[in-house]
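Student: This is the structure, below, for whatever I ask next.
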Amino acid sequence: MPMLKDFIRKWFGYSRRERRSSSILLALTFAVFVLRYLIPSGRNEFTDIPVDIRLPEQGRVQDSRPGPVNLAFQEQRDVKPVLRKKLDINSCDSSSLVALPGIGPVLSARIIKYRNLIGGFISPDQLREVYGLSEETFSRIRNGLSADTSSIRKIRINEARFAELARHPYFQKGEAGAIIRYREENGRIGSASELAGKEIISSVTLARIGRYLDFSEKTSAGSTPLSDQ
């Protein structure tokens with residue numbers, strides 16, 4: 001043994017201090033290897049298992065984890081369509097008409113004046129008859145309009161005076177006078193077709209004024225014909 005030690009010391013040429021340092025280094029290296037293999041690293045062995053996110057088949061477990069949410073689609077799905085109510089041109093006021101595209105205060109006043117003159121609109125298409133309302137503007141607002149005919153003011157044809165008939169835009173003055181004369185000579189008028197059949201009014205006038213005429217008789221003392229105002 002003394003010969004072996006002398007051989008090693010002679011071969012490596014280590015000093016006593018160097019041998020001590022080498023021993024410490026070897027001990028530390030050995031300790032690192034021992035700790036590396038004896039102490040578990042804490043790694044989760046299941047993290048490397050791939051997750052099958054396809055549709056489940058027989059014998060396959062479906063992934064139940066929530067997927068990403070498409071926020072844009074979610075917002076669109078939650079938005080409920082807003083249905084805009086059509087504007088009734090027989091009951092609306094001037095401010096409601098001005099709110100329509102292309103309708104200013106002047107046109108609004110003309111529409112209301114014309115509505116009062118004819119007794120109310122039977123159809124929104126009658127707005128074409130309002131002076132100054134262009135076809136382009138009418139096309140823009142037509143789909144947003146309605147006409148409630150329950151409030152139409154009719155002409156009691158058997159009681160109306162000449163001024164009331166002549167004032168209506170759909171009557172010619174000559175036709176108004178002819179109605180008065182026919183009524184004085186023949187009594188009550190039974191229907192609009194009677195006026196057209198006797199050629200008292202033209203077929204064009206009949207088509208326009210027919211729904212504004214009331215041929216019924218008075219039912220009570222409180223029922224009076226329209227005034228000439």
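The values are calculated or read from the model by the stated rules, or taken from the named source; none is laboratory data. Since the structure is predicted, the reported quantities are computational estimates derived from the model, not experimental observations. As a convention, Cβ positions derive from the backbone with ideal geometry for all residues, glycine included, and neighbour counts pool all protein chains shown. In case anyone asks, the SASA skips ligands and DNA or RNA and just uses the protein heavy atoms, side chains included. Shrake-Rupley method; radii C 1.70, N 1.55, O 1.52, S 1.80 Å.
Student: Looking at the stretch 116-125 only, could you name the residues that are under 13 Å from HIS168 (Cβ atoms), open to solvent by 20 Å² or more (accessible area, probe 1.4 Å) and not hydrophobic (A, V, I, L, M, F, W, C)?
Tutor: The answer is ASN116, and nothing else.
Student: Another question about this same structure. Would you check which residues across the stretch 177-197 are within 20 Å of SER216 (Cβ to Cβ) and among the small types (Gly, Ala, Ser) and list them?
Tutor: GLY187, GLY190, SER191, ALA192, SER193, ALA196, GLY197
Student: Answer yes if at least one residue in the stretch 160-174 is within 47 Å of the chain's Cα centre (by Cα), over 22 Å from SER91 (Cα atoms), among the polar types (S, T, N, Q) and modelled with pLDDT under 90, and no otherwise.
Tutor: yes
Student: Pairs needed: first member in the stretch 139-156, in contact (Cβ under 8 Å) with a residue 40 or more places away in the chain and assigned to a helix (DSSP H, G or I); second member anywhere, open to solvent by less than 30 Å² (accessible area, probe 1.4 Å) and not aliphatic (A, V, I, L, M); C-beta distance under 6 Å; at least 6 residues apart or different chains.
Tutor: If the second residue must be open to solvent by less than 30 Å² (accessible area, probe 1.4 Å) and not aliphatic (A, V, I, L, M), the pairs left are SER151/ASN90; SER151/GLY120.
Student: Considering the stretch 132-184 alone, what residues qualify as being of a type in the set (Phe, Trp, Tyr) and open to solvent by less than 50 Å² (accessible area, probe 1.4 Å)?
Tutor: Hits for the stretch 132-184 are PHE138, TYR170, PHE171, TYR182.
Student: May I ask you to list the residues in the stretch 124-159 that are under 24 Å from the mean Cα position of the chain (by Cα) and of a type in the set (S, T, N, Q)?
Tutor: Those that are under 24 Å from the mean Cα position of the chain (by Cα) and of a type in the set (S, T, N, Q): THR137, SER139, ASN143, SER146.
Student: Among (1) among the charged types (D, E, K, R); (2) open to solvent by less than 40 Å² (accessible area, probe 1.4 Å); (3) modelled with pLDDT of 95 or more, which single condition is GLU129 missing?
Tutor: Of (1) among the charged types (D, E, K, R); (2) open to solvent by less than 40 Å² (accessible area, probe 1.4 Å); (3) modelled with pLDDT of 95 or more, only one is false for GLU129: (2).
Student: For the stretch 116-138, give me each residue that is assigned to a loop (DSSP other than H, G, I, E, B) and either touching a residue at least 24 places away in the same chain (Cβ under 8 Å) or within 19 Å of LYS86 (Cα to Cα) (or both).
Tutor: Listed by number, the residues that qualify are GLY119, GLY120, PHE121, ILE122, SER123, GLY132, LEU133, SER134.
Student: Which one of these is assigned to a helix (DSSP H, G or I), modelled with pLDDT under 95, farther than 30 Å from ILE209 by Cβ and more than 25 Å from the chain's Cα centre (by Cα): ARG36, ARG43, ARG77?
Tutor: ARG36
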